[in-house]
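One structure is given here, and the rest of the page talks about it.
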Amino acid sequence: MSAPGLDPTFSDLPHRRLGEVALSRAQELGASHADFRFERNRYQYLGARDGVLQTASDAEDLGFAVRVVHQGAWGFASGVVLTDEEARRVAETAVAVARVAAAMTTTPVELAPEPVHDDVTWISGYDVDPLDVPTRDKSALLVDWTERLRAGSAVAHATAFLQQVQENKYYADLSGTRTTQQRVRLQPGFEATGEDAETGIFDSMASIAPPAGRGWEYLTDGHWDWDAEIAEVPELLAEKLKAPSVEAGTYDLVVHPSNLWLTIHESIGHATELDRALGYEANYAGTSFATYDKLGTLQYGSPVMNVRGDRTQEHGLATVGYDDEGVQTQAWDIVRDGVLVGYQLDRSMGHLKPELNEGRSNGCAYADSPGHIPIQRMANVSLVPGTDGLSTDDLVSRVERGIYVVGDKSWSIDMQRFNFQFTGQRFYKITDGRLDGMLRDVAYQATTTDFWGSMEAVGGQDTWLLGGAFNCGKAQPGQVAAVSHGCPTALFRGVNILNTMDEAGR
Amino acid sequence: MTISARTTAQQLVEHALATSSADDCIAIVRDVTSANLRWANNTLTTNGVMTEMSVTVVSFVAVDGGTATGSVSGSASTTEQVTAIVEAADAAARAGSPAEDAAELVGDVASPDWDLEPETTDIGVYDAFAPALGEAFVEATAERRLLYGFVNHDVTTTYLGSSRGLRLRHVQPTGHYACTGKDDALTRSAWTGGATRDFRDVDAAAMAATVKQRLGWAERRVELPAGRYDTILPPSSVADLMIDAYWGAGARVAHEGESVYSRRGGGTRIGDKVAAPGVSLFSDPAYAGLECAPFVVTGASDNTDSVFDNGLPLERTDWIRDGLLTGLIQTRHSAGMTGQPVTPMIDNLVLEIGDGAGTVDDLVAGTQRGLLLTCLWYIREVDPQSMLLTGLTRDGVYVVEDGEIVGAANNFRWNESPIDLLNRFTAATDTVPSFSREWGDDYFSRTATPALRVPDFNMSSVSQGV
């Protein structure tokens, strides 16, 4: 199958003309920098419950934004009316906002330099845009999933969903960069819920399939064995409902990538955003314990810990050719042999720390809609697999008393990324190097550097899986971004395990 | 593309209804303007003025076995764009299967202000606030404090029209402010924030002064271990927790055995005692200061919303009355399943305690030894059966001794259920306007809650975060 081309319904929109009008007007008004972003984002969400399609909605977000630096202050405005007159008005509003902002701007805005990218086009790696697949076919698939799940004796109710996104962006700035991009992503999922008649306990078991920067082929060509997972989830739920409640205490953990990606996201991904480390998210998402003075010295984790930021990862949810400041995307080290060695940057952060990345942004600016200003967002941040090819069984075999954690569920971490607590979908007791039945009511709680410092071994490439999230939140006004995190299975020693029923006082 | 910037919202609605070839059609037009300022390290960082116009069309088509629906939304300001949305919605409905929540559409209700233009906001809403904020930066810099914060104001005008005669309009102003302060060594942190409708009641100097006062409280630092503490939850923290309790109150999920509001063996706990006597939790579109849409507007169906319910009138709904669970979030569809009244979701929430009186200061004065929180953060559900939530304290945990604040403690991770808290609290204040730190910015800013004192709040572990 040939690679998809740029969607002609986007190409036909007047983005280039409006961009020239807006940039010209901003320049006339004295902007030292101006960029224009025109976006069309298409979404479809389908949701089924118990054999019935419950939710089906299509949405499209179309508009443009003008961002300026005027007399050292930012100004931003956006609009949705696609006329030359409106492009001029939005540019004028952006400059007017900058004038208001100037009185409160005590540190003039400057941007790290970036080469000009002259009219380049980038399209993500996928075969079939899921939005081109008939809704009826997708609905039938989800309904079928719920019916098959409900066939399990332990399952009282079943849900399934499919979120799909097609994102088109055109970027232009006064320096001459022009980029046009298109990417597709989707997130399928399902969950079965049941109750144990004897105890009255209810619980659920969800798919551990990750969202992906792929097309409809993710559902059809064997990237994930949906049929096998649907067949096993009812049995897994039945076992979970009968499982003993965990005894709180200290355990060794073997963590599957379907769970560990989220721990990476919260305790490494967000902690190594330079805007957070420098205080620019202090009022909302928080700062970071990994402050800039610790670069090159902070022992983030054990020597087997190597983490890379990568906005070029194939099929990654944060993968793009050029970011929303016209920066060509890159890959770089964040943690090397357990030591903090890098941060995620946008152009303003790159300017503040010119000794990083040779004074250039590493391409982490992103806005989730034409109505929002680009901010520094996360690259795909991944844990590098080990070179000695350890399997999950190898890791389990090293544990005398421990727990094997599979799938994500609840997550929470403090505003400096020290203290976290995670649960999961499935927990297996490990006794003398072997899995020994399921446990319930498990949460693991740790401090970031203690946890990563306790990582004794990482699995090989065969255990590596690219997980991720569709809706990572940050900034004010709030924005969401999709991001992937790859990791192998990994072994951690001496982690604090809570019993969640005890925590609830039950 | 032809356009017309002058095409009105009402014309877009009428065009959608006239263009649709479905059996029935609902058109929702939202005109949104917003303006924001954001700052950090005593300087403005980002800002913006945004305008949006979106159109949602829900088409209804009779098919074998019932009525199918199609829902399509998009940015639109021209009739041509609306035509494309209508055609997509009609096609989606024709390709769809019968909706389980099908019900008679609401008809023939009109707002007297239907013909009015959208109301808007712009950067001028900060004409008084912005200069005062600039002065606060100067003072903070001189006194070696750092200020971080955000203000946002938006006005959404919603037009809801239908082929059955609905012509409803609602104007919703929403605003909020927040400011975090730190000492320049970054060892102390304080926060204040709240909601507003128009920023006329927000004083940047007063905001900065509150942060300064709280940083002063933290000059003495006390290290405390994890454990259960006599804890005063201010109204903002109570709002955080009550929003979760409200969002988790879907009737269908409860009826089907999947929430804290489910009765073991089947059905909901409506009629059961779920909180202490005197506890009332309710929503009311007309509540003074928290006014919100008095009718249902929704573009898609799910467990707690039904497109067939668009236009249903909303009125005060008691969720908990005098400790008894009296209502859950119901569509007409779920009401049919549960045999309960139709009580759709409403965009505000009020908690009142029968004998609550006084202020947070009064609770502090009446506490021998305990903690006063500022706000909660990163709240997530751990166990739906008990509605066990986890989260962190943030930006100020103050130590109270003999009725006075004597210093600040470290932060904690906590694990608690809001439903349990409504049974265990030992004192409450008057209900006042509040603002959820966790959910207020983006999702749910219209709350009024009291402060509560909980004698054994579960601080599960220490957080080193400041």
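The values are calculated or read from the model by the stated rules, or taken from the named source; none is laboratory data. Just so it is clear, the structure is predicted and the values come from calculations on it, not from any experiment. Cβ placement follows ideal geometry from the backbone for every residue including glycine, while neighbour counts extend to all protein chains displayed. In case anyone asks, the SASA skips ligands and DNA or RNA and just uses the protein heavy atoms, side chains included. Shrake-Rupley method; radii C 1.70, N 1.55, O 1.52, S 1.80 Å.
Run B:Ala239 past the list (1) more than 30 Å from B:Ile405 (Cβ to Cβ); (2) not in a loop (DSSP other than H, G, I, E, B) and report the number of the one that doesn't hold. The single condition B:Ala239 does not satisfy is (1). Annotation: A:Thr447 fulfils all but one of (1) of a type in the set (Val, Ile, Thr); (2) touching a Pro at 6+ places or on another chain (Cβ under 8 Å); (3) facing another protein chain (nearest Cβ under 10 Å); the unmet one is (2).
Scoring B:Val171 on the criteria (1) touching a Ser or Thr at 6+ places or on another chain (Cβ under 7 Å); (2) buried (at least 20 other Cβ atoms within 10 Å of the Cβ) leaves a single failure, condition (2).
All of B:Ser306, B:Ser301, B:Ser262, B:Ser280 fail the test of being within 12 Å of chain A (Cβ to nearest Cβ) and surrounded by fewer than 23 Cβ atoms within 10 Å (Cβ to Cβ), apart from B:Ser262. No other residue among A:Val155, A:Val165 is part of a loop (DSSP other than H, G, I, E, B), under 23 Å from A:Gln54 (Cα atoms) and not acidic (Asp, Glu) apart from A:Val155. The residues in the stretch A:322-344 that are over 24 Å from A:Val69 (Cβ atoms), more than 17 Å from the chain's Cα centre (by Cα) and open to solvent by less than 10 Å² (accessible area, probe 1.4 Å) can be counted, and the count is 4.
Residues checked against (1) touching a residue at least 60 places away in the same chain (Cβ under 8 Å); (2) more than 14 Å from chain A (Cβ to nearest Cβ):
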{"position": "B:Ile346", "(1), (2)": "yes, yes"}
{"position": "B:Trp377", "(1), (2)": "yes, no"}
{"position": "B:Val382", "(1), (2)": "no, no"}
{"position": "B:Ser386", "(1), (2)": "yes, no"}
{"position": "B:Asp402", "(1), (2)": "no, yes"}
{"position": "B:Ile405", "(1), (2)": "yes, yes"}
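Checking B:Val72, B:Val106 one by one, the residue that is in a strand (DSSP E or B), of a type in the set (Val, Ile, Thr) and either open to solvent by 10 Å² or more (accessible area, probe 1.4 Å) or closer than 30 Å to B:Ala335 by Cβ (or both) is B:Val72 and no other. For the stretch A:458-480, the condition holds for no residue, the condition being that it is within 12 Å of chain B (Cβ to nearest Cβ), more than 25 Å from B:Thr180 (Cβ to Cβ) and touching a Gly at 6+ places or on another chain (Cβ under 9 Å). For the stretch A:236-261, the tally of residues that are within 14 Å of chain B (Cβ to nearest Cβ) and either part of a loop (DSSP other than H, G, I, E, B) or buried (at least 24 other Cβ atoms within 10 Å of the Cβ) (or both) stands at 3.
Screening A:Pro8 on (1) open to solvent by 50 Å² or more (accessible area, probe 1.4 Å); (2) of a type outside the set (Val, Ile, Thr); (3) in contact (Cβ under 8 Å) with a residue 12 or more places away in the chain shows it passes everything except condition (3).
Taking the conditions exactly as written (within 13 Å of chain A (Cβ to nearest Cβ) and modelled with pLDDT under 95), does B:Thr56 satisfy them or not? For B:Thr56, the condition - within 13 Å of chain A (Cβ to nearest Cβ) and modelled with pLDDT under 95 - is not met.
Scanning the stretch A:73-94 for residues being open to solvent by 10 Å² or more (accessible area, probe 1.4 Å) and either at the interface with another protein chain (Cβ under 10 Å from one of its Cβ atoms) or under 26 Å from the mean Cα position of the chain (by Cα) (or both) gives a total of 9. Residue selection: B:Thr231 satisfies the criterion of being outside any loop (DSSP other than H, G, I, E, B) and touching a residue at least 40 places away in the same chain (Cβ under 8 Å). The residue that is surrounded by the fewest Cβ atoms within 10 Å (Cβ to Cβ), among those in the stretch B:174-200 that are basic (Lys, Arg) and over 22 Å from B:Phe444 (Cα atoms), is B:Arg188. Here A:Pro354 meets the list (1) in contact (Cβ under 8 Å) with a residue 60 or more places away in the chain; (2) crowded, with 24+ Cβ neighbours inside 10 Å; (3) closer than 21 Å to A:Arg308 by Cα almost entirely, failing just condition (2). B:Phe457 meets each of the listed conditions (1) aromatic (Phe, Trp, Tyr); (2) surrounded by fewer than 24 Cβ atoms within 10 Å (Cβ to Cβ); (3) in contact with a Phe, Trp or Tyr (Cβ under 8 Å, 6 or more places away or on another chain) apart from (2). Just name the residue that is nearest to B:Glu143 (Cα to Cα) out of those in the stretch B:201-212 that are open to solvent by 50 Å² or more (accessible area, probe 1.4 Å) and touching a residue at least 12 places away in the same chain (Cβ under 8 Å). Once the filter is applied, the top-ranked residue is B:Lys212. Would a scan of the stretch B:77-91 turn up a residue that is within 12 Å of chain A (Cβ to nearest Cβ), part of a strand (DSSP E or B) and out of contact with any strand residue (DSSP E or B) (no Cβ under 6 Å at 6 or more places or on another chain)? Scanning the stretch B:77-91 turns up no residue that is within 12 Å of chain A (Cβ to nearest Cβ), part of a strand (DSSP E or B) and out of contact with any strand residue (DSSP E or B) (no Cβ under 6 Å at 6 or more places or on another chain).
With respect to the numbered conditions (1) modelled with pLDDT under 95; (2) outside any loop (DSSP other than H, G, I, E, B), which one is the sole condition not fulfilled by A:Asp388? Here A:Asp388 clears every test but (2). When every residue of the stretch B:105-114 is checked against the conditions, none turns out to be facing chain A (nearest Cβ under 10 Å) and more than 30 Å from B:Glu219 (Cβ to Cβ).
Being within 20 Å of A:Leu236 (Cα to Cα), modelled with pLDDT of 95 or more and within 13 Å of chain B (Cβ to nearest Cβ): is that true of A:Ala206 here? The answer is yes for A:Ala206. Where strands (runs of 3 or more DSSP E) fall wholly inside the stretch A:425-506, the ranges with 1 or more residues that are among the aromatic types (Phe, Trp, Tyr) are A:442-447, A:465-474, A:490-499. Can you give me the number of residues within the stretch B:82-102 that are crowded, with 19+ Cβ neighbours inside 10 Å and at pLDDT below 95? Of the residues in that region, 1 qualify.
Taken over the stretch A:427-457, residues that are open to solvent by less than 10 Å² (accessible area, probe 1.4 Å) and either over 30 Å from A:Ala238 (Cα atoms) or touching a Leu at 6+ places or on another chain (Cβ under 6 Å) (or both) amount to 7. Looking only at residues of the stretch A:278-292 that are of a type in the set (A, V, I, L, M) and either farther than 18 Å from A:Val483 by Cβ or surrounded by 24 or more Cβ atoms within 10 Å (Cβ to Cβ) (or both), we find that the one that is nearest to the other protein chains (Cβ to nearest Cβ) is A:Ala282. Somewhere in the stretch B:412-422, is a residue assigned to a loop (DSSP other than H, G, I, E, B), over 30 Å from B:Leu186 (Cβ atoms), facing another protein chain (nearest Cβ under 10 Å) and open to solvent by 10 Å² or more (accessible area, probe 1.4 Å)? No, the stretch B:412-422 contains no residue that is assigned to a loop (DSSP other than H, G, I, E, B), over 30 Å from B:Leu186 (Cβ atoms), facing another protein chain (nearest Cβ under 10 Å) and open to solvent by 10 Å² or more (accessible area, probe 1.4 Å). More than 24 Å from B:Trp377 (Cβ to Cβ), within 14 Å of chain B (Cβ to nearest Cβ) and in a loop (DSSP other than H, G, I, E, B) - does that describe any residue in the stretch A:393-401? Within the stretch A:393-401, none of the residues are more than 24 Å from B:Trp377 (Cβ to Cβ), within 14 Å of chain B (Cβ to nearest Cβ) and in a loop (DSSP other than H, G, I, E, B).
So which residues in the stretch B:320-342 are farther than 28 Å from B:Phe60 by Cβ, open to solvent by 10 Å² or more (accessible area, probe 1.4 Å) and not polar (S, T, N, Q), if there are any at all? If the condition is that a residue be farther than 28 Å from B:Phe60 by Cβ, open to solvent by 10 Å² or more (accessible area, probe 1.4 Å) and not polar (S, T, N, Q), then B:Arg321, B:Asp322, B:Leu324 are the ones that fit.
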